[in-house]
Amino acid sequence: SDYNQLGFNLRANIFQGVPLQSHSLMEDSYTPDIIQKATRDPKDWHGRRTDELGKWHRKNAANLNVQKASKDKSG
């Protein structure tokens, strides 16, 4: 009964699926000029800024790579 009803609805294409064109919440909320003005700053990624500790870790990793390369080269 329920199985046959579901089969009929699927064959009748009542459940047509998602629309072919979809819009994001930002597209629906703002006008096109606001979206075009939005700039992406790699230093301010989703509101998270690279802090001093992150910069230190990046420099430390580069320093360790240089030390390892010079050690491998010298033997």
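Structure notes:
- Compactness of the chain as Cα Rg over 2.2 N^0.38 Å, two decimals: 2.42
- Computed over protein heavy atoms with a 1.4 Å probe, the accessible surface of the chain works out to 105 Å² per residue.
- Gain upon complete extension [S29, K55; 0.36 nm per residue less C-alpha separation]: 5.8 nm
- Sequence of Y30, Y3 from largest to smallest accessible area, 1.4 Å probe: Y3, Y30
- Note on the chain: lysine pairs with Cα distance below 28 Å, sequence gap of 8 or more or different chains, count 8.
- The chain - percent of accessible surface contributed by carbon and sulfur, probe 1.4 Å: 55 percent
- The range 51-75 and the range 1-36: distance between their alpha carbon centers, rounded to Å: 51 Å
- In plain terms, the chain from K43 to N65 could stretch by 5.6 nm, reckoned as 0.36 nm per residue minus the Cα-Cα distance.
The values are calculated or read from the model by the stated rules, or taken from the named source; none is laboratory data. Please read all numbers here as calculations on a predicted model, not as lab measurements. Heads up: the accessible areas ignore ligands, DNA and RNA and are worked out on the full protein's heavy atoms, side chains in. Shrake-Rupley method; radii C 1.70, N 1.55, O 1.52, S 1.80 Å.
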